[in-house]
Amino acid sequence: SQQGEEDPQALSIQEGENATMNCSYKTSINNLQWYRQNSGRGLVHLILIRSNEREKHSGRLRVTLDTSKKSSSLLITASRAADTASYFCATSTHGNNRLAFGKGNQVVVIP
Amino acid sequence: GAGVSQSPSNKVTEKGKDVELRCDPISGHTALYWYRQRLGQGLEFLIYFQGNSAPDKSGLPSDRFSAERTGESVSTLTIQRTQQEDSAVYLCASSSDRDRSPLHFGNGTRLTVT
């Protein structure tokens, strides 16, 4: 079954505000990854957090992982118009070579 | 360096025709994946290659779908007797090892079956 369900599905914010999106999954994971997809393009890897990590930062991105709740959040601080994109979480499980992607969050940052 | 390259970028075909989609992964990447993305949806796993072998082809939706990889490089996804429900963006990704390290995606092939 598909792992990774982002919530909310669509988010519209003003430039400079923070954007938070969540992802839940169902089974034990090896790691969880967040990707961004601009319209008509492939996905770009943003950040990877391993199952034994709780928080990770990369520039304006902050990812948290709560394995007890089987959930993750992605926070984009001080958003910019260029952050407008769809954001997907993807989980990697032990003994499975595929990454399972969620349905994605569409984020629109209004200048 | 060069990223993952997919061709064609767009393909329009008539129902019942066969199509071939090509993926050139990043040089040296041993793992290669094919995903399908329907409009406004997430990614649906199709097949995974490690080298030239496909240990996981469980995501292929029917026997009309097949894929091969040669020289631990180029991969071709073939869809025979295309149907309208095959219309989607087909994305290829590669990674440097089998430890589910970050995937590098191509821009996809948008397939439209009329």
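Rule-based calculations on the coordinates, nothing more; no lab input. This is a predicted model, so every value here is computed, not measured. Positions of Cβ are backbone-derived with ideal geometry, glycine not excepted, and every protein chain shown enters the neighbour counts.
Across all directions, the shadow cast by the convex hull of the protein assembly as shown built on its C-alpha atoms averages 12.2 square nanometres. The Cα atoms of the range A:7-70 give a gyration tensor whose axes a ≥ b ≥ c have a/c of 1.5 or more with a/b greater than b/c, which makes the shape prolate.
Annotation for the range B:67-113 versus the range A:8-32: alpha-carbon center distance of 26 Å.
In terms of packing, defined here as the mean over residues of other Cβ atoms within 10 angstrom, the peptides A:39-47, A:100-108 line up highest first as A:100-108, A:39-47. For chain A, the alpha carbon positions stretch 44, 28, 20 Å along the principal axes, listed from largest to smallest.
What the Cα convex hull of the range B:5-113 gives, in volume per residue, is 89 Å³.
When +1 charges are put on Lys and Arg Cβ atoms and -1 charges on Asp and Glu Cβ atoms, the dipole computed for chain A relative to its Cα centre reaches about 320 debye.
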